[in-house]
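Below is one structure, written out as structure tokens, with a few remarks after it.
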Amino acid sequence: GNSVTQMEGPVTLSEEAFLTINCTYTATGYPSLFWYVQYPGEGLQLLLKATKADDKGSNKGFEATYRKETTSFHLEKGSVQVSDSAVYFCALAGFQKLVFGTGTRLLVSP
Amino acid sequence: KAGVTQTPRYLIKTRGQQVTLSCSPISGHRSVSWYQQTPGQGLQFLFEYFSETQRNKGNFPGRFSGRQFSNSRSEMNVSTLELGDSALYLCASSLGGADLAGGGDTQYFGPGTRLTVL
């Protein structure tokens, strides 16, 4: 079945460092892929999405490219801020549902 | 445009009781999905409704049920609560008329209801 694998956290970075959070998927076909972010005590916020191979989703300085060859959708940001501290979830779309990875906690220190 | 709203935000129940959670989708959205989030199991899909019909269901026992009303608002019910039902229950809404997997739709989440079972 469809599944998503994310790198274990927490990822600890200093402000202005480069961020990569790895995500790989197993799926039938080429479903849409998403990154959601969850801040403490809140629900999930859509960060970005990509709907087909080689698509690049981007938002608020975050980027991720849908790589069919490596079945990956890694999240990147060139310069993180303290306010980016949160849990990041990679997800793929099945039939009217999302399948999520386990989440990766990001901690950014000043 | 107002986002997805969920009520109540926090709930404490005891084992054996039942509980009803409510979700109001974004205006114009006709699909509502429910997810359970726990530290051990992560985010798991419960069910999805579109135009008052359940279109998809996750692998949860029959104690978990839901429904959708004609105004697209949805409720989920958990009967005979167990300690393991303690979780954050998230509701998501989407337009619903297009294929989520194909990129024609996107789910937007509410803040969740935190259920604690004692």
**OP:** Would you mind giving the average projected area, over all directions, of the Cα convex hull of chain B in nm² with one decimal?
**Re:** 7.0 nm²
Original post:
When Cβ neighbours within 10 Å are restricted to other protein chains, what is their mean count per residue of peptide B:103-112?
Top reply: 6
Original post:
What GluC sites (Glu not before Pro) does the stretch A:13-110 have in DSSP loop regions with at most 15 other beta carbons within 10 Å?
Top reply: A:15, A:16, A:42, A:69
Original post:
Once the Cβ-Cβ distance between residue A:59 and residue B:22 is put in as r, and R0 is 30 Å, what FRET efficiency do you end up with, to the nearest 0.05?
Top reply: 0.50
Subject >> Hull shadow area, averaged, the protein assembly as shown [alpha-carbon convex hull, nm²] >> reply: 12.3 nm²
Original post:
What is the local net charge at residue A:55, summed over the other residues whose Cβ is closer than 12 Å to its Cβ (Lys, Arg +1; Asp, Glu -1)?
Top reply: +3
Original post:
HN-Hα J couplings of the stretch A:35-41 from phi, Karplus 6.51/-1.76/1.60, θ = phi - 60°, integer Hz, Gly and Pro as x?
Top reply: 10, 10, 10, 10, 8, x, x
Original post:
Measuring from label point to label point, each 7 Å out along Cα→Cβ, what is the residue A:95 to residue B:38 span in nm?
Top reply: 2.6 nm
Original post:
For the stretch B:53-116, how big is the tail of P(r) above 13 Å, as a whole percent of Cα pairs?
Top reply: 73 percent
Subject >> GNM top mover of A:20, A:51, A:28 - chain A, alpha-carbon springs below 10 Å >> reply: A:28
**OP:** Two decimals is fine: what is log10 I(q)/I(0) at q = 0.19 Å⁻¹ for the stretch A:9-110, from a Debye sum with one equal scatterer on every Cα and no solvent?
**Re:** -0.89
Original post:
In a shell of Cβ-Cβ distance under 14 Å around residue A:15, excluding residue A:15 itself, what net charge do Lys and Arg (+1) and Asp and Glu (-1) give?
Top reply: -1
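Throughout, read-outs are computed from the coordinates displayed, never taken from laboratory work. Fair warning: this is a prediction, and the values are worked out from it, not measured in the lab. Cβ sites come from the backbone with ideal geometry, for glycine too, and all protein chains shown count toward neighbours.
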